[in-house]
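Engineer: Take a look at the following structure, please.
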Amino acid sequence: MTNNDIFKKLRVALKLRDDDIVDILTLVDFKMSKSELGAFFRKEDHPNYMECGDQVLRNFLNGLVIHLRGTKEDPKIPGEVLLGTKVPKPEKAHDNRIKTQQRKKMERAISPVKYKNKKKS
């Protein structure tokens with residue numbers, strides 16, 4: 001399996017466009033144009049096909065780590081990055097208030113049970 005195959009499979013699996021890949025490469029200060037990038041994704045028998053070197057793939061993988069995980073100062077959750085959503089984190093005080101409201105509703109909803117048939121002993 002060549003570096004081009006790995007690059008293609010990662011691109012498809014992560015649903016990345018050329019713009020996204022160029023942005024990921026700039027995270028690690030590696031500049032590449034869309035046309036240079038497109039040469040890696042062509043068929044081997046195409047006249048403009050170019051082999052993807054180890055340096056390009058290495059920089060892409062390092063940039064991908066930063067893109068998905070973030071940095072130490074600004075960490076990210078990879079699942080949110082892949083889905084493109086941002087899940088707000090509830091505050092502790094707010095979370096406790098919701099729980100107490102739910103408990104009160106449950107207490108009101110449950111009334112004492114009255115049995116019609118008494119147990120025979």
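The values are calculated or read from the model by the stated rules, or taken from the named source; none is laboratory data. Values in this document were obtained by computation on a predicted structure and should not be read as measured data. With ideal geometry, Cβ positions are generated from the backbone for all residues, glycine too; neighbour counts draw on all protein chains shown. Ligands, DNA and RNA are stripped out before the accessible areas are found, and what is left, the full protein with its side chains, is counted by its heavy atoms. Shrake-Rupley method; radii C 1.70, N 1.55, O 1.52, S 1.80 Å.
Engineer: So for the range 74-91 (the condition being among the polar types (S, T, N, Q), modelled with pLDDT under 90, within 18 Å of Ile24 (Cα to Cα) and assigned to a loop (DSSP other than H, G, I, E, B)), does at least one residue qualify?
Structural biologist: We begin by selecting, within the range 74-91, every residue among the polar types (S, T, N, Q); these are 85.
With modelled with pLDDT under 90 added as a condition, the list becomes 85.
This time we only want the ones that are within 18 Å of Ile24 (Cα to Cα), so: none.
For the range 74-91, residues among the polar types (S, T, N, Q), modelled with pLDDT under 90, within 18 Å of Ile24 (Cα to Cα) and assigned to a loop (DSSP other than H, G, I, E, B): absent.
Engineer: If you go through the range 2-22, how many residues are open to solvent by 90 Å² or more (accessible area, probe 1.4 Å) and at negative phi?
Structural biologist: Taking the range 2-22 and keeping what is open to solvent by 90 Å² or more (accessible area, probe 1.4 Å), we get 9, 12, 15, 17.
Filter once more, so that each one left must be at negative phi: 9, 12, 17.
Count: 3.
Engineer: Continuing with the same structure: Which members of the range 2-43 meet the condition of being out of contact with any Gly (no Cβ under 6 Å at 6 or more places or on another chain), free of Cβ contacts under 8 Å to residues at least 40 places away in the same chain and in a loop (DSSP other than H, G, I, E, B)?
Structural biologist: If the condition is that a residue be out of contact with any Gly (no Cβ under 6 Å at 6 or more places or on another chain), free of Cβ contacts under 8 Å to residues at least 40 places away in the same chain and in a loop (DSSP other than H, G, I, E, B), then Lys15, Leu16, Arg17, Asp29, Phe30, Lys31, Met32, Ser33, Phe41, Arg42, Lys43 are the ones that fit.
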